[in-house]
Amino acid sequence: MQSDAQENLFLTRWLAEARRFPRDTTGDIDWLLKQGRTQGIRAKLPFKLYFLWKVTTDGLADQPDLYRHTARECHWVYRMLSDDQ
């Protein structure tokens with residue numbers, strides 16, 4: 001990406017197309033999409049998407065306290081799933 005504005009535009013458009021993801025992610029996608037559209041580059045979509053990726057791949061319990069606090073502040077639901085799920 002050449003600028004923060006271009007990156008935000010790309011991510012906002014990508015989120016608009018992301019409706020194909022599982023239903024339980026709809027709330028997060030809608031929230032991120034609204035943030036990107038209303039706040040522009042101030043929404044810091046790359047950070048928020050990285051955070052969501054990090055939490056879902058490494059698990060929130062393994063993250064520093066600040067990550068867990070951020071998840072609570074954003075009202076993100078954190079659930080532990082078994083390996084089968």
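The values are calculated or read from the model by the stated rules, or taken from the named source; none is laboratory data. Keep in mind that this is a model prediction, so the values were computed, not measured. With ideal geometry, Cβ positions are generated from the backbone for all residues, glycine too; neighbour counts draw on all protein chains shown.
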Within segment 1-56, can you find the residues that are within 10 Å of the chain's Cα centre (by Cα) and among the aromatic types (Phe, Trp, Tyr)?
TRP31, PHE47, TYR50, PHE51, TRP53
What's the number of the only condition in (1) at positive phi; (2) at pLDDT 70 or above that GLY59 fails to meet?
(2)
Note: among ASP24, ASP28, ASP84, ASP4, just one is in contact with a Pro (Cβ under 9 Å, 6 or more places away or on another chain) and modelled with pLDDT of 65 or more, namely ASP4
Check GLN2, GLN6 and return the single one that is on the phi < 0 side of the Ramachandran plot and in a helix (DSSP H, G or I).
GLN6
If we ask which residues in segment 1-20 are of a type in the set (D, E, K, R) and exposed (fewer than 14 other Cβ atoms within 10 Å of the Cβ), their number turns out to be 4
